[in-house]
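Before any comments, here is the structure.
Values in this text are rule-based calculations from the coordinates and carry no lab data. Note that this is a predicted model, so its numbers are computed, not measured. Note: ideal-geometry Cβ built from the backbone for every residue, glycine included; neighbour counts use all protein chains shown.
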Amino acid sequence: MKKKLTSIKGLEDECKMDSSSMIDMVFQLILFFMVSSRMLTNQIDPRVELPVATNARPPEEAAGRIVLHVYDDGTFGKDNKEPLPDMAAVTEYVTQRKEKVDAGTTPKVLLRGDKRSIVKFSKQAVKASGDAGVSTIIFSAFPAAKKG
């Protein structure tokens with residue numbers, strides 16, 4: 001009986017797992033996903049309170065977005081929260097950003113309108129975008145909570 005116990009103890013001492021290769025594999029997987037994934041960062045302005053819509057969903061494609069903020073007082077802002085003084089500045093901003101969009105990608109204006117602003121201001125932003133040659137507009141909204 002004693003002989004069996006010592007042989008079992010001997011096996012426990014010899015069975016050790018080398019986890020260094022497993023750690024290397026985890027770091028390689030992390031690196032792979034960091035390199036292969038595309039980070040989507042939209043500059044949002046906390047002063048803009050988005051409206052809630054029942055059919056809101058995230059846009060499928062992120063490439064070519066030009067972020068434009070519409071504030072409740074009728075002023076406009078760039079994606080870096082810098083104000084745009086008038087409609088000519090909005091058109092110029094959209095034109096400049098459109099020129100930076102990669103060839104083969106459709107430029108789209110992501111309109112982040114405050115829920116307290118009136119529709120007239122969003123229409124002005126859409127007209128300025130059209131004057132700049134961008135005809136695709138994405139309206140930002142939060143999805144409504146599902147009942148049930």
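Of all aspartates and glutamates in the structure, those lying under 19 Å Cα to Cα from K123, and not within fewer than 8 positions of it along the same chain, are E49, D72, D73, D79, D86, E92, D114, D131.
Counting DSSP beta bridges in the stretch 26-148, what percent are antiparallel, to the nearest 5? The antiparallel proportion sits near 25 percent. Each Lys and Arg Cβ is given +1 and each Asp and Glu Cβ -1; about its Cα centre, the stretch 52-143 then shows a dipole of about 220 debye.
In this structure, the amide hydrogen of T136, modeled 1.01 Å from its nitrogen in the peptide plane, lies closer than 5 angstrom to those of V109, counting only residues at least 5 positions away or on a different chain.
Using only Cα coordinates, the Kirkwood hydrodynamic radius of the stretch 25-148 works out to 15.8 Å. Evaluating 6.51 cos²θ - 1.76 cosθ + 1.60 at θ = phi - 60° for every residue in the stretch 86-99, the Karplus couplings come out as 8, 5, 5, 5, 5, 4, 5, 4, 5, 4, 5, 5, 5, 5 Hz, glycine and proline recorded as x. Taking amide H atoms as placed 1.01 Å from N in the peptide plane, the amide H of L84 lies under 5 Å from those of F76, G77, K78, each 5 or more residues away in sequence or on another chain.
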